[in-house]
Amino acid sequence: MEDVRVIEVKQEVLSDNSKAADSFRTVLAQRGTFFLDIMASPGAGKTTLLLALIARLKARGVTDLGVIEADLESDVDALKIKEAGVASVELNTRGICHVEMGMVKKAYEAFADRRFAYLFLENIGNLVCPAEFDTGAHSRIMLLSVPEGYDKVYKYPPMFAVVDALVVTKSDYLSMNPDFDMDALRKQARALNSDLQIFVVSARTGEGIDELVTWLEGRRDASEVEKTPVEVS
Ligand SMILES: Nc1nc2c(ncn2[C@@H]2O[C@H](COP(=O)(O)OP(=O)(O)OP(=O)(O)O)[C@@H](O)[C@H]2O)c(=O)[nH]1
Ligand SMILES: [Mg+2]
């Protein structure tokens with residue numbers, strides 16, 4: 001049999017992506033922007049939670065906010081953010097199931113030098129692929145909604161392992177989903193990721209939103225993000 005040359009493309013792609021992500025993270029930090037990547041399966045409540053976070057941050061006096069809305073198709077979510085009075089850029093991946101650094105950079109350029117205290121990325125609705133790609137965020141969180149079931153922690157472990165926080169969304173459904181085993185979820189999630197913060201929230205009732213925003217502000221304060229940004233060429 002002839003020799004077969006195996007080319008390890010995946011490692012190279014991920015390594016190039018990570019390097020670009022590190023540079024982007026540094027530039028945003030110098031510009032005073034804390035960048036949060038929000039990942040979850042389709043319909044877990046990413047856009048609804050974003051709107052709740054935006055409302056709470058604004059109520060606390062933080063108004064310089066931006067959102068990159070990634071979707072396979074459509075501008076539905078980007079328009080919802082715009083309607084909430086927040087700068088948003090639609091990142092249409094045309095069928096690609098995750099966001100890579102090149103895409104983030106392009107989307108960010110569309111803000112044309114606007115400065116944000118917080119920039120959010122609503123990643124593609126997908127519990128698998130986005131976990132592998134560093135998007136240059138200072139923090140990554142994932143959402144798991146109550147209707148999806150707690151057992152996703154066993155089926156999709158990589159994402160639980162890479163995030164800083166797990167946000168259990170749609171807690172108002174807990175009384176209707178008595179089989180949602182919160183203790184088992186917490187135990188397995190922490191076995192995968194001992195530093196994981198866990199929040200239980202409902203964008204509907206407002207439960208847990210304040211705690212999440214306080215954590216977010218704490219992450220920004222503790223990060224390398226400049227509190228008094230300098231001009232970067
Ligand atoms: N009951 C309840 N419904 C919620 C909550 N959060 C979101 N929803 C509903 O769940 C559905 C999906 O919410 P979205 O915020 O669009 O979810 P998403 O993750 O952004 O969805 P994609 O962008 O399509 O992946 C909508 O009908 C929301 O109104 C919540 O806390 N409680
Ligand atoms: Mg959405």
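Numbers below:
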{"quantity": "The range 1-122, dipole about Cα centre (Lys/Arg Cβ +1, Asp/Glu Cβ -1), debye to the nearest 20", "calculated": "720 debye"}
{"quantity": "Label-zone membership for the range 178-206, site Tyr154, 7 angstrom Cα→C-beta point, backbone N under 16 Å", "calculated": "179-192"}
{"quantity": "Residue of Gly66, Gly208, Gly102 that the Gaussian network model of the chain assigns the largest fluctuation, springs spanning Cα pairs under 10 Å", "calculated": "Gly102"}
{"quantity": "Environment charge at Leu79 (Cβ cut-off 12 Å; Lys +1, Arg +1, Asp -1, Glu -1)", "calculated": "-4"}
{"quantity": "Distance (nanometres) between label positions extended 7 Å along Cα→Cβ at Arg114 and Ala55", "calculated": "2.1 nm"}
{"quantity": "Stretch gain in nm, segment Ser175-Ala84, where the contour uses 0.36 nm per residue and the Cα spacing is subtracted", "calculated": "29.7 nm"}
{"quantity": "Dipole magnitude (debye, nearest 20) for the chain, charges at Cβ of Lys, Arg, Asp, Glu", "calculated": "520 debye"}
{"quantity": "Total formal charge among the other residues, if their Cβ is under 11 angstrom from that of Ser139, Lys/Arg +1 and Asp/Glu -1", "calculated": "+2"}
{"quantity": "Förster-model FRET efficiency, 30 Å R0, Arg190 and Val4, C-beta, rounded to 0.05", "calculated": "0.10"}
{"quantity": "Prolate/oblate/rounded label for the range 168-233 (Cα gyration tensor, a/c 1.5)", "calculated": "oblate"}
{"quantity": "Pairwise label distance in nanometres, Glu226 with Gln30, each label 7 Å out on the Cα-Cβ vector", "calculated": "0.8 nm"}
{"quantity": "Loop-located GluC sites (Glu not before Pro) in the range 1-99, at most 14 other Cβ atoms within 10 Å (DSSP)", "calculated": "Glu2, Glu8, Glu73"}
{"quantity": "Label point at Glu217 placed 7 Å out along Cα→Cβ; residues across the range 113-132 whose backbone nitrogen lies under 15 Å", "calculated": "117-118"}
{"quantity": "Computed [θ] at 222 nm, deg cm²/dmol, the chain (DSSP H ≥ 4; -39,500 (n - 2.57); rounded to nearest 500)", "calculated": "-11500 deg cm²/dmol"}
{"quantity": "Cα gyration tensor shape for the chain, rounded if a/c is under 1.5, else prolate or oblate", "calculated": "oblate"}
{"quantity": "Euclidean distance between Cα centres, the range 101-164 to the range 165-196, Å", "calculated": "18 Å"}
{"quantity": "Cα-based reach from Lys58 at 30 Å (exclusive), listing lysines while leaving out same-chain residues under 8 positions away", "calculated": "Lys46, Lys80, Lys82, Lys105, Lys106, Lys170, Lys227"}
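Here, each number is a calculation from the coordinates, and none is a lab measurement. Just so it is clear, the structure is predicted and the values come from calculations on it, not from any experiment. When we count neighbours, we look across all protein chains shown, and the Cβ atoms used for this are built from the backbone with ideal geometry, even at glycine.
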